[in-house]
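The values are calculated or read from the model by the stated rules, or taken from the named source; none is laboratory data. Owing to the predicted nature of the structure, the values given are computational and were not obtained by experimental measurement. Neighbour counts run over all protein chains shown; Cβ positions are idealised from the backbone, glycine included.
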Amino acid sequence: MNDKLCPLSQAIERFVPDGASVALGLHLESMIPFAAGHEIIRQRRRDLTLVGPISDILFDQIIGAGCVRRVMAAWVGNVMMGSGYNFRRAMESGIPAPLETVDHTNFTLALALHAAALGVPFLPTHTARGSTVAARNPDIVEFRAPFTGETMHAVRAVAPDVTIVHAQRADRAGNAHVWGNLGVLTDAVHAAGRVIVLAEEIVAERVIASDPNRTVVPGFLVSAVVEAPFGAHPSPVQGCYNRDHEFYREYHDATRTREGFAAWLQEMVLGADGLPQYLQRVGRTRLDALRVRRRAQSARADFGS
């Protein structure tokens, strides 16, 4: 087995260089790899392109830290509260740096990643017709379809340099079990040049092999795997812990001003030497309260021959 287990700091240092395009937040509102985003901030990456449909407040944090040049997304903000103040400051005032946006709908971004996963330059679609999305996005163009002659949109493929995902469990080779809402995870993994997996736990190879249909991320696509319990906090992880709603409210209030965000960032990210110290700042009592209390086990599946 090719052992790809490494510390998070090493994974980011090796596979997320300045100027890279990075896909994050691919499960939509759940299982967002916040720990990876925080490490990107600590390592002061610059000129990144962030790719993702709904990243919740993670994109806002990375933008506010000055790491981002461009965003390819359907929406950036705080799902629970509304605005992402760092995103707004960057777009309206160029603070901390000017920000370029490439507007997508959730579905056109999903198509763009799917096209890259298939290895084709674009995919045809009827979606977004009648809207102004195509007018604001040079990667969505009208064309006359062969065979039918109808007018459609072509959505250019998006192949991220690196995709970062969170999983419930993985083995040391990077084979990962994921369940719950998958969003555009699968296509983003197959579209990317590199893949980093953060997992709640690292398990034996036989555990992954016992349920091959749940292996959503195959290890041969993975560059690094990191053990990161609670690495998706404050977003939820199916079967592990729930969403920390209050955290989103606190972030919203703390980041209304640039000075407020700077203080929050220093306390929760820059002042924390990695995920363990971040979790100490969140507090063990608070984390324990988020843990899943009522189990809902799936039915057994027999893979016998």
In segment 6-65, how many are under 15 Å from the mean Cα position of the chain (by Cα), on the phi > 0 side of the Ramachandran plot and either in a helix (DSSP H, G or I) or surrounded by fewer than 22 Cβ atoms within 10 Å (Cβ to Cβ) (or both)? 1
Within segment 92-143, how many residues are of a type in the set (S, T, N, Q) and not assigned by TED's automatic domain parsing to the domain that holds residue 191? 5
Between 204, 173, which is without any contact (Cβ under 8 Å) to a residue 60 or more places away in the chain and in the same structural domain as residue 5 (by TED's automatic domain parsing)? 204
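Each row is one residue, and each column tells you yes or no for (1) crowded, with 19+ Cβ neighbours inside 10 Å; (2) at pLDDT 95 or above; (3) among the β-branched types (Val, Ile, Thr); (4) in the same structural domain as residue 88 (by TED's automatic domain parsing).
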residue: 226; (1), (2), (3), (4): yes, yes, yes, no
residue: 233; (1), (2), (3), (4): yes, yes, no, no
residue: 249; (1), (2), (3), (4): no, yes, no, no
residue: 258; (1), (2), (3), (4): no, yes, no, no
residue: 264; (1), (2), (3), (4): no, yes, no, no
Collect the residues in segment 161-188 that are of a type in the set (A, V, I, L, M, F, W, C) and either under 20 Å from the mean Cα position of the chain (by Cα) or under 26 Å from residue 295 (Cβ atoms) (or both), keeping them in residue-number order. 162, 164, 165, 167, 170, 176, 178, 179, 182, 184, 185, 188
Picked from segment 66-87 (must be in a loop (DSSP other than H, G, I, E, B), under 15 Å from the mean Cα position of the chain (by Cα) and modelled with pLDDT of 90 or more), the residue nearest to residue 25 (Cα to Cα) is 76
Note on segment 277-305: residues modelled with pLDDT of 95 or more and surrounded by fewer than 11 Cβ atoms within 10 Å (Cβ to Cβ) are 283, 284, 285, 288, 291
Provide a single number: the residues in segment 252-291 that are among the basic types (Lys, Arg), closer than 26 Å to residue 87 by Cβ and either free of Cβ contacts under 8 Å to residues at least 12 places away in the same chain or not in a helix (DSSP H, G or I) (or both). 1
Do we find a residue being surrounded by fewer than 20 Cβ atoms within 10 Å (Cβ to Cβ), of a type in the set (S, T, N, Q) and in contact with a helix residue (DSSP H, G or I) (Cβ under 6 Å, 6 or more places away or on another chain) anywhere in segment 128-137? no
Determine which member of the set 159, 135, 199 is aliphatic (A, V, I, L, M) and part of a loop (DSSP other than H, G, I, E, B). 159
Within segment 121-155, work out how many residues are among the aromatic types (Phe, Trp, Tyr) and either closer than 30 Å to residue 206 by Cβ or within 26 Å of the chain's Cα centre (by Cα) (or both). 1
Show the residue pairs meeting these rules: Cβ distance below 6 Å; 6+ apart or different chains; first residue within segment 56-81 and closer than 19 Å to residue 112 by Cβ and outside the structural domain of residue 102 (by TED's automatic domain parsing); second residue modelled with pLDDT of 95 or more and hydrophobic (A, V, I, L, M, F, W, C). none
A careful count of residues in segment 95-129 that are on the phi > 0 side of the Ramachandran plot and touching a residue at least 24 places away in the same chain (Cβ under 8 Å) gives 1
Would you check if residue 158 is under 26 Å from residue 8 (Cα atoms), at pLDDT 95 or above and under 14 Å from the mean Cα position of the chain (by Cα)? no
Residue hits (segment 236-257; within 17 Å of residue 61 (Cβ to Cβ) and in contact with a strand residue (DSSP E or B) (Cβ under 8 Å, 6 or more places away or on another chain)) are 248, 251, 252
Could you tell me how many of the residues in segment 171-196 are touching a helix residue (DSSP H, G or I) at 6+ places or on another chain (Cβ under 7 Å) and assigned to a strand (DSSP E or B)? 4
